Amino acid sequence: MRFKYPLPRSSEITPEALFRSRRRFLQGALSLSAGIALAACLPGTQNPAPDDVTSLTPQATGSADERGDALTPFDAVTHYNNYYEFSADKQAVARLARDFQVRPWVVEIGGLVHKPHTIGIEDLLRAFSLEERIYRLRCVEGWSMVIPWLGFPLHRLLERAEPMGSARFVRFVALYDPEQMPGQKNPLFPWPYTEGLRLDEALHDLTILAVGLYGQMLLPQNGAPLRLVVPWKYGFKSIKAIVRIELTEEQPATLWSTVAPQEYGFYANVNPEVPHPRWSQATERRIGENERRPTLPFNGYAEQVASLYQGMDLSVYY
Amino acid sequence: MARVLARKAVEPRAWLLWVHGLGVAPLVFFGIGFWRGMYWINPLQVAIQRSGDAAVLLLLASLACTPLSWVRGWAWFVRWRRPLGLYAFAYALAHVVLYAGVDYAWNWGWLGAEFREKPYLWFGAAAFLILSILAVTSLRRIQRRLGWRWKVLHRLVYASALLVLVHLVLVVKGDALRLRGDVWKPWLVGAGVGVLLGGRLLRMAWKSMKRRL
Ligand code: HEM
């Protein structure tokens, strides 16, 4: 197996059990690649291109989320991507993002913090131990997946930077590089992609920065090398290819709420009670399933996060 | 005049091929994409969107026939109107059945809730209702029975196109009026409807002016 970019030794960053399961999987990689070559002949199954070697060894330690919902297959997770920086066609993103450069990569942490700093992605990987988090991902378009992320809680990074007392929000900025991201040539969007969280949301333990999924480093189409994952919010909040994290006093502007404020709010909590002008938020289609299923308040994480919004009218703060 | 008639007589064989070629092309493209595995992850979403696109495109193509027939020697274009319009209706029917029947599995509770809260569906449904009426009344027998009323009734096709335009403005991701987001489709369709409807209105005005002179 070859990663496209250098990695710290896996033992440094990966929990022991995960590391071992990955080793075990490596041994199966050869036979697996033969299987994929065979499957490539079948119509209707898009397979990773031959140079897409990294995708031959997906492995997660778990096989379902805490509710018992099965993981969405690796191939679907890596070939169905809402990533407008590359394309509005979700199945075209993997191809267009193939050569995206994820090294070198520097993330800047600044704004209202006592210790503003920049950190290279390798140092970041060394600094935080990674854990697997199996989360449901609910897209505002009414479809959903279950994904085994590899990452670390955002609060660990924020605590290092020591937020000032005046900080109330966190603003995230993604890479702006139209040469690599052809979708950014579309002038109808206010690039770069920006997102934001209230500080208490950002500090919540469910909020993670992901660097991998299915036990391997993120592929470009999933937001490599560093992306946000906030499982109780619609997918567009989980910004990809982050280059800057900034603490602010004012609620930051976000890309989609700038494009269409009446449709995309700042909070964007998954909420079957708050309708969207287009897609049903009451029900969703789990990728791979035939029947729609009811959407859960806070995407099923109400127990952990509902208290963050006590006293707020969620139909106003949607 | 004689030349026009002669051309008119020559055209029919070729035109059948062209009309049906145009009509099935969207299905063929979708089929190829599907076979190549471009839609396997969420095929229903793609099928609903592409059938909607095909319906609008063929509706515009059908509307374009009348102005094209004004060109000397192209009078036979009028005959494309009906088959192209029926193809548009067929894709619209597929669009609606995929949405209500396949995606929502005819779950009237869920569908009712969607219709109560989403204006884009009202415009789509109104457009679809008009297209259905026009499709039924396009049967030759009914057409003859309706006489002059048929002509007036079928002008509703423009209302249908305008309703679809609103459906599309509301359905794209972004704010079409403020030119923000993924909004090129409603602008394209808007330009098409604008030119075709505008052209007919202009010609009507021009003719009535000439008559008065
Ligand atoms: C009862 C009637 C209708 C219903 C329930 C309906 C439903 C829908 C839905 C659910 C979508 C959004 C798909 C998505 O973005 O996920 C859509 C989009 C669309 N519909 Fe309809 N529709 C109706 C009538 C029509 C008619 C009559 C036409 C055209 C003649 C039409 C053309 C379109 C187009 C062009 C789109 C945009 C597709 C895209 O995103 O490229 N619709 N419709």
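Bear in mind these aren't lab numbers, they're just calculated from the coordinates by the rules spelled out. Everything numeric here is computed off the predicted structure, so don't read it as measured data. Positions of Cβ are backbone-derived with ideal geometry, glycine not excepted, and every protein chain shown enters the neighbour counts.
Between the listed residues A:G68, B:G181, A:Y317, the Cα displaced farthest toward the positive end of the dipole of the protein assembly as shown, a dipole computed from Cβ unit charges relative to the Cα centre, is found at B:G181.
Given a Förster distance of 51 angstrom, what is the FRET efficiency for A:E131 paired with B:L129, based on the Cβ-Cβ distance and rounded to 0.05? Present the calculation step by step, with values, prior to reporting the outcome.
Details: r = 54 Å, r/R0 = 1.07.
So the FRET efficiency works out to roughly 0.40.
Applying a threshold of 27 Å to the alpha-carbon distances of A:K240/B:K118; B:K118/B:K185; A:K115/A:K233; A:K115/B:K173 flags A:K240/B:K118; A:K115/A:K233; A:K115/B:K173 as lying beyond it. Between A:D89 and A:D313, the modelled label-to-label distance comes to 4.4 nm, taking each label 7 Å out from Cα in the direction of the beta carbon. Helical runs (DSSP H, four residues minimum) scored at -39500 (n - 2.57) apiece and divided by the length of the protein assembly as shown put the mean residue ellipticity at 222 nm at -13500 deg cm²/dmol.
The H on the amide N of A:Q216, modeled in the peptide plane, is under 5 Å from the matching H of A:Q59, each at least 5 residues off or on a different chain.
For the residues B:V169, B:V46, B:V193, a GNM of chain B with alpha-carbon springs under 10 Å puts the largest fluctuation on B:V46.
If we sort B:105-116, A:228-239 on the protection proxy, mean other Cβ atoms within 10 Å, highest first, what's the order? Present the calculation step by step, with values, prior to reporting the outcome.
On the way: B:105-116: 13.6, A:228-239: 24.0.
The most tightly packed comes first, giving A:228-239, B:105-116.
Taking 0.36 nm per residue of sequence separation and removing the Cα-Cα distance, the B:A159/B:R141 pair yields an extension gain of 4.1 nm. The lysines whose alpha-carbon is closer than 29 Å to the alpha-carbon of B:K151, local same-chain residues fewer than 8 away aside, are B:K8, B:K207, B:K210.
Can you give the angle from 0 to 90° between the axis of helix B:78-96 and the longest principal axis of chain B, with both taken from C-alpha atoms, to the nearest 10? Roughly 10 degrees, rounded to the nearest 10.
Our note on the geometry: Cα centres of the stretch A:240-318 and the stretch B:84-101, 32 Å apart. Residues whose amide H comes within less than 5 Å of that of B:R180, counting only those at least five positions distant or on another chain, are B:D175 (H built at 1.01 Å from N in the peptide plane).
As a ratio to 2.2 N^0.38 Å, the alpha-carbon radius of gyration for the stretch B:2-212 is 1.13. Peptide A:251-262 shows a mean partner chain C-beta count of 2 within 10 Å per residue C-beta.
The mean number of partner chain beta-carbon atoms within 10 angstrom of a residue's beta-carbon across peptide B:33-39 is 4. Any idea how far apart A:A306 and B:V28 come out in nm if each label point goes 7 Å out from Cα toward Cβ? Placing both labels 7 Å along Cα→Cβ, they lie 5.6 nm apart. Taking the Cβ of A:L228 as the centre, find all other residues whose Cβ is under 9 Å away and add up their charges (Lys, Arg: +1; Asp, Glu: -1). Taking every other residue near A:L228 into account, the sum is +2. As a rough guide to protection, the peptides A:205-216, B:151-162 ranked by mean Cβ packing within 10 Å, highest first, stand as A:205-216, B:151-162. Placing unit charges on the Cβ atoms only, positive for Lys and Arg and negative for Asp and Glu, gives chain B a dipole magnitude near 1640 debye about its Cα centre. Counting, for every residue in B:176-186, the Cβ atoms of other protein chains within 10 Å of its Cβ and taking the mean gives 4.
Residue ranges A:174-180, A:66-72 sort as A:174-180, A:66-72 when ordered by packing (mean number of other C-beta atoms within 10 Å per residue, highest first).
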